[in-house]
1. If I model a spin label at Ala198 and Asp225 as a point 7 Å from the Cα along the Cα→Cβ vector, what separation in nanometres do I get?
2. Report the full-extension gain for the segment Met311 to Asp335: residue separation times 0.36 nm, less the Cα-Cα distance, to one decimal in nm.
3. Fewest to most neighbouring Cβ within 10 Å: what's the order for Phe307, Phe367, Phe174?
4. Read phi for every residue in the range 344-349 and hand back ³J(HN,Hα) as whole Hz from Karplus 6.51 cos²θ - 1.76 cosθ + 1.60, θ = phi - 60°, with x for Gly and Pro.
5. Using 10 Å bins from zero, what percent of all Cα-Cα pairs in the range 149-207 falls into each bin?
6. Sort Met311, Met336, Met76 so the one with the fewest other Cβ atoms within 10 Å of its own Cβ comes first.
7. Take the eigenvalues of the Cα gyration tensor for the range 322-402, scale each by 5, and report the square roots as semi-axes in whole Å, largest first.
8. Search the structure for amide H atoms under 5 Å from the amide H of Thr351, placed 1.01 Å from N in the peptide plane, and list their residues when 5 or more places away or on another chain.
Amino acid sequence: MSDVLNETPIAPEPRRWKPLLMGLALGLVVGGGAMFLARPKASAPQATQDTAQTWQCPMHPQIMQDHEGDCPICGMDLVPMTGAQALESPGPEGLVTVQIDAQRRQLMGLRTAVVEPGDLGGDLRLPGRVVLDETRLKKVTVKLEGYVERLQADFVGRPVSKGQVLFELYSPEFLNAQREYLVAQRTRASLAGTEQEARWLEIAGTARRRLEFLDAPPSLLAKLDATGEVVRHLPVVSPISGIVTVRNVAQGSRLGPADTALEMVDLSRVWVLADLYEQDLARVKPGMAAELELPALGRTVAGRVAFLDPMLDPKTRTLKARLEFPNPGGELRPDMFGEVRLKVGSRRVLTVPLDAILDSGTRKIAFVDVGQGYLEPREVQVGQSGRDSIEVLEGLEAGEQVVTRAAFLVDSESRLQAALAELARRKSEAAAAPQAPAADPHAGHRH
């Protein structure tokens with residue numbers, strides 16, 4: 001019986017293994033969790049540490065947004081603002097140094113030029129306008145009451161010659177003056193050789209001078225002496241050779257001493273008015289030789305500077321220069337435009353292109369390329385200007401690079417960045433200012 005018992009195996013009880021398996025599973029879970037918690041933590045996304053990306057229009061710097069897109073003004077693709085976009089540095093008020101990369105420069109069409117010595121002067125060219133010579137204007141008037149008869153200067157623009165009859169005037173006063181002269185002449189002739197002859201000779205002379213004062217022409221007086229008969233009409237003749245510019249009478253009009261019948265001008269010499277800039281005043285003097293180029297005529301006319309206006313125009317800061325040009329053929333007509341060229345001496349000065357200077361009216365700004373994409377605004381003083389360049393007196397040095405094309409866009413970018421920098425500064429100051437302690441609601445109450 002003992003052998004039977006030894007050969008038969010005894011199975012273990014299931015309840016003894018169950019706690020062991022549960023303990024093993026719990027240990028695996030705890031160990032895995034500890035290893036997970038003990039591993040190094042992943043770094044936070046870089047985007048949370050860096051500032052948000054900003055996109056900007058290269059042609060309109062005021063257009064900025066936080067995502068890609070098109071400019072609502074010009075339709076160009078917005079480009080990312082990479083790197084430092086503004087460098088705060090001493091400069092003119094309202095402007096800062098800006099950084100513009102090569103890609104944006106190409107899109108803006110930005111170009112630079114070297115500040116270098118150059119010959120300034122030579123020919124000074126100014127726009128000019130042909131006007132009437134005011135010293136050659138004439139008004140036709142009469143010195144007695146009368147009526148216009150036989151009007152010959154009957155339209156504006158009609159050419160007339162000196163001494164040509166413009167119209168004839170019928171005047172009873174003129175008829176009486178002729179009769180007085182003829183009576184005095186006849187009486188003097190009848191009293192020839194007597195004591196009264198000298199007296200009537202004086203009366204006849206006075207009557208003749210009266211006719212002359214009434215503008216009776218010498219031919220009419222000669223006719224009176226020859227025929228002894230009164231002439232019905234007083235011929236009014238042209239005092240100059242020119243053209244009629246104003247006609248205030250018609251056939252049968254009544255005229256008096258206070259009326260202007262006609263106006264005319266002699267166009268054998270004309271004026272040309274040119275706007276002379278303030279910085280060029282020292283180089284232009286009255287009497288200086290001048291030339292007028294007229295595209296309408298395809299030729300050049302020689303003249304001279306006659307007068308410089310003593311007053312400047314406060315709005316345009318220019319001065320009117322008056323030049324005189326001969327016009328024997330009448331080809332120079334009033335209100336024609338041309339280019340006046342004055343011969344002035346040249347000199348060696350420091351120059352930049354004209355479009356490198358931004359003139360606001362109160363100051364002049366140039367942007368200097370200082371390297372690494374930075375453009376620095378500088379206030380400059382300028383002198384005389386030429387056709388394509390201008391003299392630099394202060395603010396720039398020889399060899400420096402200044403912005404020429406797209407200078408207005410750079411100016412807009414600089415102003416925008418200056419405004420943003422000022423806004424950021426004010427926010428920083430407001431954040432750094434100590435906050436006032438909150439008021440205690442129980443202050444002043446006794447318990």
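Throughout, read-outs are computed from the coordinates displayed, never taken from laboratory work. These numbers were taken from a predicted model, which means no experiment stands behind them. Heads up, the Cβs are rebuilt from the backbone with ideal geometry, glycines too, and the neighbour counts pull from every protein chain shown.
1. 2.2
2. On the way: separation 24, 0.36 × 24 = 8.64 nm, distance 2.27 nm.
Length difference between fully extended and current span is 6.4 nm.
3. Least to most surrounded, the residues fall as Phe307, Phe174, Phe367.
4. Each residue of the range 344-349 in turn: 10, x, 9, 8, 8, 9 Hz.
5. 21, 28, 20, 19, 10, 2
6. Working: Met311 7, Met336 18, Met76 14.
By the 10 Å Cβ count, ascending, the order reads Met311, Met76, Met336.
7. Equivalent ellipsoid of the range 322-402: 38, 14, 11 Å, largest first.
8. Long-range HN contacts for Thr351: Glu116, Gly118, Val392.
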